[in-house]
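Read-outs throughout are calculated quantities, based only on the coordinates presented, and are distinct from any laboratory measurement. Note that the structure is a prediction, hence the values are computed from the model and not measured. Please note: Cβ atoms are built from the backbone with ideal geometry, for glycine as well, and neighbour counts cover all protein chains shown.
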Amino acid sequence: MSTPTQQERFSFQAEVVQLLDLMIHSLYSNKEIFLRELISNASDAIDRLRFAKLTDPGLDESDEPLQIRVSFDKDARTITISDNGIGMSRQEVMDNIGTIAKSGTREFLKALTGDQRKDATLIGQFGVGFYSAFIIADRVTLTTRRAGLPAAEGVRWESDGRGEYALETIERPARGTEIVLHLREGEDELLNDFRLRTIIRKYSDHISLPILMPDENTESAEGTESGDAPGETVVNRASALWARPKSEIGEQEYSEFYKHVAHDYADPLAHLHAKMEGTYEYTLLLFIPAHAPFDLWMPESRHGVKLHVQRVFIMDDTGQLMPNYLRFVRGVIDSSDLPLNVSREILQSSRVVDSIRSSAVKRVLKLLKDLAEKEPDKYATFWGEFGAVLKEGIAEDYSNRDDIARLLRFTTTKSSTDTPDTSLADYVARMQEGQEKIYYLIAPTLAAAKSSPHLEIFREKGIEVLLLSDPVDNWVVTSLPDFDGKRLQSVAQGASDLGALEDAAEKEANEKAGTELAALVERLKKALGDRVRDVRTTNRLTTSPACIVAGEPDIEMNLIRRMQGSGMPSEPILEINPEHPLIRRLDAESDERLADWAHVLYGQSVLTLGARVDEPAEFAARLNDLLVALTGEPGPVDEDS
């Protein structure tokens, strides 16, 4: 047997030090969760070994069944969790435990609030459950060897969680990982067979691998008088939860499985469990979380669905099983028709996967529809967390666009609160007699939308308008031209046209105003030059003197905002209110400062649009000059008075 190498000491990554400090000060509101986290990690290690063996049979070093062991020693005051999974090499230990290599570390730490319950949820999502060991232990010893490496390349890692860890190479005959927790003072109640079994059955009963503990009647870990090894019993049910009949599974079991697979600490909002038989056979066990993970908007984050083949974990979804707009879904898809050695390349061209994906998406959308109809409060929670993500599906998933559209929720000019609570079906049901279009307004913020001058005529006539302020709303309205036969129309795009909602007298008055103010319109257009594509009169304004609109062929101005950065449509049109006193005065008088008035009207309209004035100093100077002219210039100062 080779001798261990000299022990080396290393400092934790700064983020790990912060995380351990939180753990040591009992961040988790429920300390017993440490066991669930470590067992979950052991289960993942065995899953990874199973997958690796598909391409490298040489990793199967022994005939011992794959399993997890939990034991305790009252005299030494330790709890031990071990597995015969894939194990880790020296470098992997340093990468996985000495640092947090996962992307988004800084965002994760910034998201911590100081609220124990909320922060515990974030830690679970971030997948750093190993560090939960320091909640109940003041010293942790980990020994491991990666499958396929020689016994002489075992590794021992040890730390008290206070900034440093020790690392040495040791002889370790067996592959896999063993973690020994040296308990803190006051945690001795965990050194109890019944207590540990209860925790395992409560949180890890769904683990499909056997979790073994020494028999309760075993007197000593050294064996019986005959010299046999002490007996062990399986504590958990050790069967894949999704493979069991739904009638045998309670809500608590579903909830605990979700927490395991999603690394979450809150119960899911809803779930679906279905076994499909026919051309292809597969099982779906999918969950809708109650809150968004902190990395929901990080493009490199993994999808939440795990692919199993005949109950063997194969890989995390990278987009083949669930579309990007449903990336919040967590759970398991288990196929009986895919080969165990399936690769991502095979998944991309597999008819089986296409069928599974199509069915899974439709069932998730049906689950959300049922939630919206039967449990609106829960659906409101879902929408608040994931509504902006679901909207992406309007542009991404044409085949399910109508179903997704019915799930959308909006704030409108008739909403009593800022909470999006109106569906497109609700809007259509409330449309006025003669109304032919679904009107909407896109603005950078909800507050900007509410105060927009583009809404004035619609408020006066009591016509409801959807108020859109999510960046993704641009893609929604460009990808959803109509709903239930009603065209979607921007109130800030094109010429004002209320159709049958505008009577003949109003149309005649607008045409008359256009004729009467034709000369003023031309003068304003000449003064503004290439800043506008056109100037025209409008009936969409009732209290504001002017506004900016996008031309009919122009794409949505908020999309231009992202492309240009200014917030302006590419070819803006200035519309003036023929009934406004300022416009009437400019028309009645041959104002020598009309150019200044034109630029102030334009700048004011740009600001009310929520866009940026290109030359703010020039705008302010013109405005100040006009104010001085209107109030009268002061006379010369009498220095002798």
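Take ASP21, project a point 7 Å from its Cα along the Cβ direction, then tell me which residues of the stretch 157-175 have their backbone nitrogen under 15 Å from it.
The answer is 161-164.
Take the Cα gyration tensor of the stretch 243-374, multiply each eigenvalue by 5, square-root it, and list the three semi-axes largest first, rounded to whole angstrom.
Result for the stretch 243-374: semi-axes of 22, 18, 15 Å.
Return the FRET efficiency for the residue pair ALA617, THR543: r is the Cβ-Cβ distance, R0 is 22 Å, and the value is rounded to the nearest 0.05.
Once the sixth-power term is evaluated, E becomes 0.20.
How much length would be gained if the chain were fully extended between ASP73 and GLU508, taking 0.36 nm per residue of separation minus their Cα-Cα distance, in nm to one decimal?
147.3 nm
For the pair ASP530 and THR478, how long in nm is the line joining their label points, each one 7 Å along Cα→Cβ?
Going by the 7 Å Cα→Cβ label model, 2.5 nm.
Give me the three principal axis extents of the stretch 408-501 from the C-alpha atoms, as integers in angstrom, largest value leading.
31, 27, 26
How would VAL549, VAL465 line up from fewest to most surrounding beta-carbon atoms within 10 angstrom?
Fewest-to-most Cβ neighbours within 10 Å comes out as VAL465, VAL549.
Find how much the distance from ARG487 to GLU436 grows on full extension, using 0.36 nm per residue of separation minus their present alpha carbon separation; answer in nm with one decimal.
17.6 nm
With the Cα gyration tensor of the stretch 505-631 in hand, convert its eigenvalues to equivalent ellipsoid semi-axes via √(5λ) and list them largest first in whole Å.
Square roots of five times the eigenvalues give 23, 20, 12 Å.
Considering only DSSP beta bridges whose two residues both sit in the stretch 505-631, what percent are antiparallel, to the nearest 5?
50 percent
Within 10 Å, Cβ to Cβ, of GLY387, how many net charges do the neighbouring residues add up to if Lys/Arg are +1 and Asp/Glu are -1?
Neighbour charge sum, excluding GLY387 itself: 0.
So which GluC sites (Glu not before Pro) in the stretch 129-214 pass both tests, a DSSP loop state and at most 10 other Cβ atoms within 10 Å of the Cβ?
Those that pass, being in a loop and sparsely packed, are GLU185.
Can you give the extra length, in nm with one decimal, that the chain gains between ALA429 and ASP215 once fully stretched, where that is 0.36 nm per residue apart less the Cα-Cα distance?
70.4 nm
Calculate one ³J(HN,Hα) per residue across the stretch 389-399 by plugging θ = phi - 60° into the Karplus curve 6.51 cos²θ - 1.76 cosθ + 1.60, and present them in order as whole Hz with x for glycine and proline.
These are the phi-based 3J(HN,Hα) values: 6, 4, 4, 4, x, 4, 8, 8, 10, 4, 5 Hz.
Using Cα positions and a limit of under 13 Å, work out the aspartates and glutamates in reach of LYS391, with same-chain residues fewer than 8 apart set aside.
ASP402, ASP403, ASP470, ASP473
Between LYS369 and ASN624, what is the spin-label point distance in nm, taking each point 7 Å from the Cα along the Cα→C-beta axis?
Placing both labels 7 Å along Cα→Cβ, they lie 6.2 nm apart.
Among the lysines, select those whose C-alpha is under 28 Å from the C-alpha of LYS202, and discard any that sit fewer than 8 residues away in the same chain.
Of all the lysines, those that pass the test against LYS202 - Cα under 28 Å, at least 8 places apart if same chain - are LYS31, LYS74, LYS118, LYS246, LYS259, LYS275, LYS306, LYS378.
Let me understand the stretch 320-413 better: what is its radius of gyration from the alpha carbons, and its Dmax, in angstrom?
Final numbers for Rg and Dmax: 15.1, 55 Å.
Tell me the net charge near ASP418. Cut-off is 14 Å between Cβ atoms, ASP418 excluded, with +1 for each Lys or Arg and -1 for each Asp or Glu.
Residues near ASP418 contribute +1 overall.
Taking Cα atoms of the stretch 279-338, Rg/Rh with Kirkwood Rh, to two decimals?
Rg/Rh: 0.99.
Test of understanding: ordering HIS263, HIS580, HIS308 by Cβ neighbours within 10 Å, fewest first, what list do you get?
The fewest-first ordering by Cβ neighbours comes to HIS580, HIS263, HIS308.
Return the distance in nm (one decimal) between the two label points of a simple spin-label model at THR417 and VAL312, each offset 7 Å from Cα along Cα→Cβ.
5.1 nm
In what sequence do VAL16, VAL155 fall when counting other Cβ within 10 Å, fewest first?
Placing the least packed residue first, the sequence is VAL16, VAL155.
For SER451 and ASP193, what is the calculated FRET efficiency with R₀ set at 60 Å and r taken between the beta-carbons, to the nearest 0.05?
0.35
Determine the percent antiparallel among the DSSP beta bridges restricted to the stretch 399-489, to the nearest 5.
Percent antiparallel among DSSP bridges in the stretch 399-489 is about 45.
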